[in-house]
1. Would you call residue 135 within 23 Å of residue 22 (Cβ to Cβ), touching a helix residue (DSSP H, G or I) at 6+ places or on another chain (Cβ under 7 Å), crowded, with 17+ Cβ neighbours inside 10 Å and touching a residue at least 12 places away in the same chain (Cβ under 8 Å)?
2. Filter the stretch 203-213 down to residues that are in a helix (DSSP H, G or I) and in contact (Cβ under 8 Å) with a residue 24 or more places away in the chain, then give me how many there are.
3. Could you look through the stretch 138-154, keep only residues that are buried (at least 18 other Cβ atoms within 10 Å of the Cβ) and farther than 26 Å from residue 34 by Cα, and pick out the one that is farthest from the ligand (Cβ to nearest atom)?
4. Please go through the stretch 124-145 and give me each residue that is under 18 Å from the mean Cα position of the chain (by Cα) and outside any helix (DSSP H, G or I), ordered by number.
5. What is the residue count in the stretch 114-136 for residues that are within 16 Å of the ligand (Cβ to nearest atom), closer than 19 Å to residue 37 by Cα and touching a strand residue (DSSP E or B) at 6+ places or on another chain (Cβ under 6 Å)?
6. Filter the stretch 164-202 down to the residues that are assigned to a loop (DSSP other than H, G, I, E, B), touching a residue at least 60 places away in the same chain (Cβ under 8 Å) and more than 16 Å from the ligand (Cβ to nearest atom) and list them by number.
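Read-outs: derived from the displayed coordinates by stated rules, not from any lab. Please read all numbers here as calculations on a predicted model, not as lab measurements. Cβ placement follows ideal geometry from the backbone for every residue including glycine, while neighbour counts extend to all protein chains displayed.
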Ligand SMILES: [Zn+2]
């Protein structure tokens, strides 16, 4: 991709402080000056396992935002995420755009996946990330009602675009000690392994630490 396009893409997400005060249950960064790695669209055979292997090797605990209909297909991968000490979190049941759904359908998407995940892990599912990062006030009120937290991100390195130079640019310029980074657990994302290893190496050089998800996401 051309240099110009690369620099024009949006990598850093940082809402105004006031926004964070009004919505304490939305996370655009961690609350404890450690970094959190998150993966969207899990689980996927081979890819999820590869991610877990890299995380385990580096003693990092991460959040996997899982799509309910894929969880039903691959429950073993959810157990693997959970048993390796990572969080199997909620990314809706069928990955729709929440802004276009009626309230009861939004609720059904979240609750159905919450129940499937909880049945497999035996742990309460607290964390949700809306598909495409799109949500509205109704989504937030549902999450408040069922006591769930909306986990967004601060660093979006476009790993799924399959251009390692873009990922390196984003990491070099925007990685912070409180970043919530989003990667994509997705077939066809051929640079995921390299992207992940690059970020981990750079974080180490900068002296940044990875935190425990629960500690990173305290309101
Ligand atoms: Zn997604």
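1. yes
2. The number of residues fulfilling the criteria is 3.
3. Only one residue tops the list, namely 142.
4. 124, 125, 126, 127, 128, 129, 130, 134, 135 - these are the residues of the stretch 124-145 that are under 18 Å from the mean Cα position of the chain (by Cα) and outside any helix (DSSP H, G or I).
5. So the answer is 3.
6. 175, 176, 177, 178, 179
Rundown of residues vs (1) touching a helix residue (DSSP H, G or I) at 6+ places or on another chain (Cβ under 6 Å); (2) farther than 20 Å from residue 163 by Cα, yes/no style:
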position	(1), (2)
16	no, yes
28	no, yes
36	yes, yes
41	no, no
53	no, yes
